[in-house]
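**Student:** Can you read through this structure? Questions will come right after.
The values are calculated or read from the model by the stated rules, or taken from the named source; none is laboratory data. Being a predicted model, the structure only gives us computed values, none of them experimental. Methodologically, a virtual Cβ is constructed for each residue, glycine included, from the backbone with ideal geometry; neighbour enumeration extends over all protein chains shown. The protein model used for the area step is the full one, side chains on, heavy atoms only, and it has no ligands, DNA or RNA in it. Shrake-Rupley method; radii C 1.70, N 1.55, O 1.52, S 1.80 Å.
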Amino acid sequence: MSHARASALVGVLAAAIASGSVRSAHAEGEGGKQRVAVVKLAFEGGVPEAARDLFAQRLAEGLTAVRFEVISGAMVRERLAAAGLPADSCAGGSCTARAAQALGVAFLVYASVVEHEKTYDVTLELVNGRSGVSIGTNRERCEICGVEEASEKVSLAASALRARLEALANTPARFIIRAKPSRARVTLDGEAIGPAPIDREIPAGVHKLELAAEGYDVLERTITAVNGVDETLDLELVVQPSKFPLRAMGWLALGVGVAAIAGGAWAEHVDGQELACDVAAQDDHGRCPRLRNTRVLGAVLAGVGAASATLGGVWLYLGGLGAARAPEGAEHAAVVGVSGRF
């Protein structure tokens, strides 16, 4: 089946649904309905060209009572192309999740009709758009059937999918919230709900989530709960900047290090030189009997100076790094993982 033909069929399906009881995306979005994109409608085998539009129509008729919005085929192709995703082969795992994000939908539908010796196999798969996890698959088979009988099987498969979606629409969203560090305090919409990890049902809609822990910046996020969709959030709080005066102590340690190295060099230089003495203590050649023994002192000073200078350099580097990152601190960077369980 050509790419153009598949794209046209997806457009026929979306148009048929849009002309039925499903309203526009903006109107229904305000009413709290779910959004779904028919990503792929594929045909294999000897499905007659004239029958393909009929199958798309029957699929639309089976879906029109579903409490969700449908994204049109043209819009699907345009948004996926803008996101750099393949419209006909993006299925499963991270690709599906990225497709749903690009399309702004909660669910994805993949459909196929396979014909072999007048036996038709119809498959519809419903996918959680947040995690890319398959929620369920509906299959219908019509053995030794004509086109009209096979189209009825398509309608039955769509009706089963409709029932599944309507059940999901009545199921509260569930969030599992995990945090690093563990036991971080979790607040939802201004109400403390306990330490992480949290496993909680949340009403559909937009919510404000806050995580706090001693020694860490408060992490704030806005989450959107969708009925029937379970999600897991893995959040990592950012350690608060150190109050230790890194730059000031760095310069001090660097100065002490330089002075100690200079002292060590002086001690090495004067090692073995005569110590001043009275004339009476001098030998026949006018030399004093005692010599300076500063080699060990020079080595110690040099070692201490090198360590102090190195530590000062590290403190200066860390102090400069913290200053450079200061404007980004307000963003409270977090590592977030999303998954779904059904």
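Residue-by-condition table, conditions (1) more than 22 Å from GLY312 (Cα to Cα); (2) at pLDDT 90 or above; (3) under 40 Å from the mean Cα position of the chain (by Cα); (4) assigned to a loop (DSSP other than H, G, I, E, B):
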residue: LYS243; (1), (2), (3), (4): no, no, yes, yes
residue: VAL256; (1), (2), (3), (4): no, yes, no, no
residue: ALA260; (1), (2), (3), (4): no, no, no, no
residue: GLY263; (1), (2), (3), (4): no, no, no, no
residue: GLU268; (1), (2), (3), (4): yes, no, no, no
residue: GLY272; (1), (2), (3), (4): yes, no, no, yes
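**Student:** While we're looking at this one, here's another question. Which one is farthest from the chain's Cα centre (by Cα), of the residues in the stretch 104-144 that are among the hydrophobic types (A, V, I, L, M, F, W, C) and at pLDDT 85 or above?
**Tutor:** The residue in question is ILE144.
**Student:** Suppose the filter is in contact with a Gly (Cβ under 7 Å, 6 or more places away or on another chain), surrounded by 16 or more Cβ atoms within 10 Å (Cβ to Cβ), without any contact (Cβ under 8 Å) to a residue 40 or more places away in the chain and not polar (S, T, N, Q); does ARG164 pass it?
**Tutor:** Working: in contact with a Gly (Cβ under 7 Å, 6 or more places away or on another chain): yes; surrounded by 16 or more Cβ atoms within 10 Å (Cβ to Cβ): yes; without any contact (Cβ under 8 Å) to a residue 40 or more places away in the chain: yes; not polar (S, T, N, Q): yes.
In short, yes.
**Student:** Which one is farthest from GLU191 (Cα to Cα), of the residues in the stretch 202-213 that are at pLDDT below 90 and in a loop (DSSP other than H, G, I, E, B)?
**Tutor:** Filtering the stretch 202-213 for residues that are at pLDDT below 90 and in a loop (DSSP other than H, G, I, E, B), the one farthest from GLU191 (Cα to Cα) comes out as ALA204.
**Student:** Given the conditions (1) at pLDDT 80 or above; (2) part of a loop (DSSP other than H, G, I, E, B); (3) among the aliphatic types (A, V, I, L, M); (4) more than 24 Å from the chain's Cα centre (by Cα), which single one is not true for VAL154?
**Tutor:** (2)
**Student:** Among VAL76, VAL39, VAL70, VAL47, which is the only one that is open to solvent by less than 60 Å² (accessible area, probe 1.4 Å), part of a strand (DSSP E or B) and at pLDDT 80 or above?
**Tutor:** Of VAL76, VAL39, VAL70, VAL47, the one residue that is open to solvent by less than 60 Å² (accessible area, probe 1.4 Å), part of a strand (DSSP E or B) and at pLDDT 80 or above is VAL39.
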